[in-house]
């Protein structure tokens, strides 16, 4: 035996279910590839292929009589748990009769023949080879600290089979065995001594690289990986490649050391302990660039971010260093962000491939892994806009921490999108910076799996574990990973097993919680020192050349530091990750301070309406119920009116006709949760045959993308946010199945959408459609929680603004609750027509989708019309404003209930109802006009939501500011409650009637000031 390690591998591997023989074992062909020595007399397994064994096995399962008696005995023995060495029994014609016991297993009688021994030994060797391929990574030398903090590999580690399980002895080590087709360890040789087989397997699978791939159910992909790790001499580096790697290690290491010298008391989340990350990323980019990729979009957490910006993205060092100067003032409006959250966009020449490449590092907050779907969405958008349908030109790289990769659910949500047609980016390279610790929590307390990367197995992504203190192993693995992604366009994971030299951050004291680990780290030589020593001993570089490399980069840093002192002003705009050339003027402000009309011509309305109410292909058979819906739409077009669904169709269709791409996604968005949209028609007689009429509006129109998403909110909303970042000339919408579903995407809303412009100078025009309304259906799916969005609005409740358009420039997002289809039409078109991009939050209706009064005339959508921030009273109160005793301000669906109740009570001349359609930025000017029009009336806010929810706390102080605090504001609505709505229909109706009574109780004193 070459080493005890080989026997240990045999022992561990035998416990794997992949090679275990039980009564319910897998089909034999998954782990046997039979080949017998030439000249053997027994034809049982001589030259037999695994495909043939597969056919025989299935035939035997159907009926044991279908196969020769020798096969019958073999399969019975193996299924009964007999080890490979004893499963085969010579047929009766060769060794005399064999007796098959009633239990199914044949008793082993007498000594084995030479042929039997030869067959059994070959089977054992093939099982051994597979054991290395399946389990070798578990005993690879992955940890640079040589400690074991991993989660347990087995709940019962003692339940392992003995070394002799395979039936191979020390005397077999020098025997020559034919190699199966499922290994490349032989190179050009077809047979090797067992001793050499074991040695080559150990070199391939048990050194500084551990390969997890045998769970992949694609033979071509498995063979591709085997060849790159098993073939002798595969990991070869030229002298020039080693010198380049050393230079990159110098830049990575000395950058961190420079920061530590200059700003020792500053948090920077340095890369010490995983300096090989920089050459790893540069290798991924180099190889991908050589394969035709010209744009790489990256997302990463804090650790090493400044180093990546400096040495991968190639941000100017003085721009990075000036971020440390607390005396410098920011020139940009907004809050800005800490230096290790900022992003960057840079187009430069790749010196290895001599091709230009664009590198973008997305800005992101401290919420770990939240940036993952955002990166994927931006990547998908860039692929879409450049026609890259296979991901050959644009790709993404995601960096992760080990604890976050295992613990954050959005990682799985992002992986789950990887092969979905409307979301795939055709392969992402994931790089895990495996610190072997999560802040102060070791893996045994942080995860239940052996590796932090096990979540990637769900999409059959190969996982390459590598010791980060071996730079050449790291670079080789990254070459393979980049080649994999650009060959198969599937996800791949590189697990850099490393350590944190300075703890969680530079201010942390890791000895409090991991004393033994950090005693080991203090004794650990730096990887640059070890690698430089190795190359000097090899004669690749001299000591003087190495010292010159170090001195040269140190001077670069010092010169940049000097220049950074001259920086008078910090500009967040230097750190844009997605610039929009041509959308803004030179000084960064929008081009115009006006919003043009959003109406369209009667001809376009009719044309789009006709498309929405018909099927382009007359031979396309649709559902009978849908035929009635389309006929109803056609009737509305004839009558020159539209409901909610048709108004949305008009908005989308008109933008598409104008060349604006529209993308709508969400759970069941194609049909619409409430069966009102039907943008995708399904042939009733042909499977998978669909029709999207919206793509047949005009010959030169922009494409319309509508897609049902996976059952994910966090991941999908992040994806659509990233998609909207790529271009200002697209309307990107995410629809929640119900409004309260945004709860599980709250991180994206809180950390990216709400403060994105303030933190990162990033405008974004994403639209959130959130169905909302109290319909008596219970507390779930009633409320989209408008109070949360309004609380996060940045307008001042005590300040009357200068003018409305200025409000749009200053706000962090726009919040609306439209009560008419026409206003919904206009607000969607305004997202593109206005000279700025702000997120739009729309509380969409449920019952109003089919409400007979919730219809709009074409006249309200013609040229010259626009979005109404407030819909004024249009009824009898206008004739005699002095007789109006109360103005009820409201928003959304409750208007129709108020209007019905007012008519029922005969109070149409005494009560005016004003609809606040745009809640934020608040229409102070229009509210003031309404109050002045009905100057004798008292003021009331009415909502169907509970008092501590909905709009009340936001609206009341702003109405008070609009009237200079000269008038009280009364309240009508439900009282405070913990739940959004009652689950009892009768209680719901009683609550509704109660607040309607309050709203129209003119002599009463209900409400508060």
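From the list 970, 926, 919, exactly one residue is buried (at least 16 other Cβ atoms within 10 Å of the Cβ) and closer than 14 Å to residue 873 by Cα. Which is it? I'd like the intermediate steps shown before the answer.
Numbers: 970 fails: closer than 14 Å to residue 873 by Cα; 919 fails: closer than 14 Å to residue 873 by Cα.
That would be 926, the only listed residue that is buried (at least 16 other Cβ atoms within 10 Å of the Cβ) and closer than 14 Å to residue 873 by Cα.
Residue-wise test of (1) touching a helix residue (DSSP H, G or I) at 6+ places or on another chain (Cβ under 9 Å); (2) at pLDDT below 95; (3) crowded, with 19+ Cβ neighbours inside 10 Å.
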{"site": "644", "(1), (2), (3)": "yes, no, yes"}
{"site": "649", "(1), (2), (3)": "yes, no, yes"}
{"site": "653", "(1), (2), (3)": "yes, no, yes"}
{"site": "659", "(1), (2), (3)": "no, no, no"}
{"site": "666", "(1), (2), (3)": "yes, no, yes"}
{"site": "674", "(1), (2), (3)": "yes, yes, no"}
{"site": "685", "(1), (2), (3)": "no, yes, no"}
{"site": "690", "(1), (2), (3)": "no, yes, no"}
{"site": "700", "(1), (2), (3)": "yes, yes, no"}
Do any helices (runs of 4 or more DSSP H) entirely within segment 193-262 hold 2 or more residues that are without any contact (Cβ under 8 Å) to a residue 24 or more places away in the chain and surrounded by fewer than 17 Cβ atoms within 10 Å (Cβ to Cβ), and if so, which?
219-230, 239-262
Inside segment 950-967, the number of residues satisfying the requirement of being surrounded by fewer than 23 Cβ atoms within 10 Å (Cβ to Cβ) and outside any helix (DSSP H, G or I) is 5
The one condition in (1) under 22 Å from residue 873 (Cβ atoms); (2) touching a residue at least 60 places away in the same chain (Cβ under 8 Å) that residue 979 fails to fulfil
(1)
Count - residues of segment 178-222 that are under 29 Å from residue 143 (Cβ atoms) and under 29 Å from the mean Cα position of the chain (by Cα)
10
Failed condition for residue 744, given (1) crowded, with 23+ Cβ neighbours inside 10 Å; (2) in contact with a helix residue (DSSP H, G or I) (Cβ under 8 Å, 6 or more places away or on another chain):
(1)
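On the basis of being surrounded by fewer than 21 Cβ atoms within 10 Å (Cβ to Cβ), part of a helix (DSSP H, G or I) and modelled with pLDDT under 95, does residue 935 make the cut? Full working, then the answer.
Values: surrounded by fewer than 21 Cβ atoms within 10 Å (Cβ to Cβ): yes; part of a helix (DSSP H, G or I): no; modelled with pLDDT under 95: yes.
In short, no.
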Checking residue 911 against (1) under 22 Å from residue 989 (Cβ atoms); (2) surrounded by fewer than 18 Cβ atoms within 10 Å (Cβ to Cβ), which test does it fail?
(2)
Condition met for residue 829 (under 29 Å from the mean Cα position of the chain (by Cα) and either farther than 17 Å from residue 924 by Cα or in the same structural domain as residue 900 (by TED's automatic domain parsing) (or both))
yes
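Among 828, 836, which is the only one that is touching a helix residue (DSSP H, G or I) at 6+ places or on another chain (Cβ under 7 Å), under 19 Å from residue 655 (Cβ atoms) and part of a helix (DSSP H, G or I)?
Numbers: 836 fails: part of a helix (DSSP H, G or I).
Among 828, 836, only 828 is touching a helix residue (DSSP H, G or I) at 6+ places or on another chain (Cβ under 7 Å), under 19 Å from residue 655 (Cβ atoms) and part of a helix (DSSP H, G or I).
To keep it simple, each residue is scored yes or no on (1) in contact with a helix residue (DSSP H, G or I) (Cβ under 6 Å, 6 or more places away or on another chain); (2) closer than 17 Å to residue 917 by Cα; (3) at pLDDT below 95.
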site	(1), (2), (3)
733	no, no, no
760	no, no, yes
771	yes, yes, no
778	no, no, yes
782	no, no, yes
797	yes, no, yes
809	no, no, yes
817	no, yes, no
841	yes, yes, no
When you scan segment 495-512, do you find a residue that is modelled with pLDDT of 95 or more, under 21 Å from residue 136 (Cα atoms) and in contact with a helix residue (DSSP H, G or I) (Cβ under 6 Å, 6 or more places away or on another chain), even just one?
yes
Spot the failing condition for residue 348; the list is (1) buried (at least 24 other Cβ atoms within 10 Å of the Cβ); (2) at pLDDT below 95; (3) assigned to a strand (DSSP E or B), and only one is missed.
(1)
Which one of these does residue 274 not meet: (1) modelled with pLDDT under 95; (2) assigned to a helix (DSSP H, G or I); (3) buried (at least 24 other Cβ atoms within 10 Å of the Cβ)?
(2)
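The values are calculated or read from the model by the stated rules, or taken from the named source; none is laboratory data. A quick note: this is a predicted structure, and the numbers were derived from the prediction, not measured. Virtual Cβ from ideal backbone geometry, glycine too; neighbours counted across all protein chains shown.
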